[in-house]
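The values are calculated or read from the model by the stated rules, or taken from the named source; none is laboratory data. None of these values were measured; they are calculated from a predicted model. A quick note on method: Cβ atoms are made from the backbone with ideal geometry, for glycine too, and the neighbour counts reach across all protein chains shown.
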Amino acid sequence: MFDVDSLPASFNRGYREERTADELIGLCRGLLADGEVNAAEARFLVDWIARNRDLHDDPLVAALYRRIDDALSDGVLDASEEADLLSALHGYVGGEADDPVVSSQSTWLPLDNPAPTITFPNKLFVVTGTFVFGARRLVVQAIEQRGGTVGANVRKDTDALIVGETASRDWLHSSYGHKIMKAVEYREKGHPIAIVAEAHWRSFVDS
């Protein structure tokens, strides 16, 4: 029989973390099934996250935890707080294409709010996802023509991560999601990496 505990410690830890993350996604989807979330469900979820230490270093889980905890701070979950939590849960699981709550896949994500002014000269960009603007080479070309450069991966000195309008529903486990999580991780550590949607980026390309 396959024994996870017999694997090297680093692999075993990664396996446990991914399994726990999958369980959290399942819990969130379960809460979203009826299109509502109440205080008891929110409290159960925030307590579950608190108990599962494997997830505590994940910046997206930390952001989800804070939003739930803030909503429950007064012990009451009003209509606006419920709507915010539904949005947060959809954001974490990646949503569904036919979900009326979500109009664009990029709106689920940890985008800068308010979105920053984008300048191109001497700025380092990373792009991820599929762009309505066109193929990746056209996106890169548009940035470079305006004086910016495009890197393959998110680094500490990245100025902005541009998120295409279309992405996999399973973005948390994709290269798309890994770039976003890395940007959030750096941002949590004080590196001012902007995370912006394609539509916002495009408004500066077109101006």
Would a scan of the stretch 89-109 turn up a residue that is among the hydroxyl-bearing types (S, T, Y), modelled with pLDDT under 85 and not in a helix (DSSP H, G or I)? yes
Answer yes if at least one residue in the stretch 36-44 is exposed (fewer than 13 other Cβ atoms within 10 Å of the Cβ), at pLDDT below 85 and assigned to a helix (DSSP H, G or I), and no otherwise. no
Are there any pairs, at least 6 apart or on different chains, whose C-beta atoms fall under 6 Å, with the first in the stretch 189-207 and under 22 Å from A63 (Cα atoms) and the second part of a helix (DSSP H, G or I), and if so, which? I193/A183; I193/Y186; I193/R187; I195/A183; A197/S106
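Please go through the stretch 123-141 and pick out each residue that is assigned to a loop (DSSP other than H, G, I, E, B) and closer than 19 Å to L111 by Cα.
Of everything in the stretch 123-141, those that are assigned to a loop (DSSP other than H, G, I, E, B) and closer than 19 Å to L111 by Cα turn out to be K123, G129, F131, V132, F133.
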Number of the exception - P114 against (1) at pLDDT 85 or above; (2) more than 18 Å from the chain's Cα centre (by Cα); (3) not in a helix (DSSP H, G or I): (2)
Would you call V132 at pLDDT below 95, hydrophobic (A, V, I, L, M, F, W, C) and surrounded by 17 or more Cβ atoms within 10 Å (Cβ to Cβ)? no
Given D170, D159, D206, which one is of a type in the set (D, E) and at pLDDT below 85? D170
Would you point out the residue of the stretch 184-196, among those that are modelled with pLDDT under 90 and under 12 Å from the mean Cα position of the chain (by Cα), that is surrounded by the fewest Cβ atoms within 10 Å (Cβ to Cβ)? E185
Looking only at the stretch 45-61, count every residue that is free of Cβ contacts under 8 Å to residues at least 24 places away in the same chain, closer than 28 Å to D112 by Cβ and part of a helix (DSSP H, G or I) and tell me the total. 2
What number of residues within the stretch 45-71 satisfy the criterion of being closer than 20 Å to V184 by Cα, of a type in the set (K, R) and surrounded by fewer than 18 Cβ atoms within 10 Å (Cβ to Cβ)? 2
Being at pLDDT 80 or above and assigned to a helix (DSSP H, G or I) narrows it down to one of L86, L77, so name that one. L86
